[in-house]
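Quick notes on the structure that follows.
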Amino acid sequence: MDSGRLFPISREEIILEKVRFFYLPDRTAQFIANILDGKVSERSLVCCHSGCDVCNDTIYKCYMMIKKSLEENKSG
C-alpha cells in the first residue's frame, strides 16, 4: 500500500489498475466487477480460440490478479 495515501485504495481503483496493467479496455472493469459481485459467472471466462478482440483468457488472468489484490488489501 502507498504510504502517502490518506485513504486505502478502493476496490474500483484496484480493478481499474489491474485492467490497465493487462492493457484491457476500461469497460472491462465493470465486467470484472460484475463477476466479483456474482452477477456473471466466473465460468464464462473460457478462451474459445476464435481471436476475440478482448480474450476471455486475458480477462480471467486479470480477474485472478484482482481477486488476489483485493484479498491482500482486506487482510493488510
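The values are calculated or read from the model by the stated rules, or taken from the named source; none is laboratory data. In this text, all values refer to a predicted model and were calculated from it rather than measured experimentally. Positions of Cβ are generated from backbone atoms using ideal geometry, with glycine treated the same way; all protein chains shown enter the neighbour counts. In case anyone asks, the SASA skips ligands and DNA or RNA and just uses the protein heavy atoms, side chains included. Shrake-Rupley method; radii C 1.70, N 1.55, O 1.52, S 1.80 Å.
I'd like the full set of residues that are within 16 Å of N56 (Cβ to Cβ) and either open to solvent by 50 Å² or more (accessible area, probe 1.4 Å) or not charged (D, E, K, R) (or both), limited to the stretch 1-32.
Residues satisfying the conditions are V19, F22, Y23, L24, P25, R27, T28, A29, Q30, F31, I32.
What residue, among those in the stretch 54-72 that are among the aliphatic types (A, V, I, L, M) and without any contact (Cβ under 8 Å) to a residue 40 or more places away in the chain, is most open to solvent (accessible area, probe 1.4 Å)?
Here the residue is M64.
Report, by residue number, each residue of the stretch 21-76 that is in contact with a Lys or Arg (Cβ under 6 Å, 6 or more places away or on another chain) and more than 22 Å from P8 (Cα to Cα).
The initial filter retains those residues of the stretch 21-76 that are in contact with a Lys or Arg (Cβ under 6 Å, 6 or more places away or on another chain), namely 62, 65-66.
Within the stretch 21-76, none qualify.
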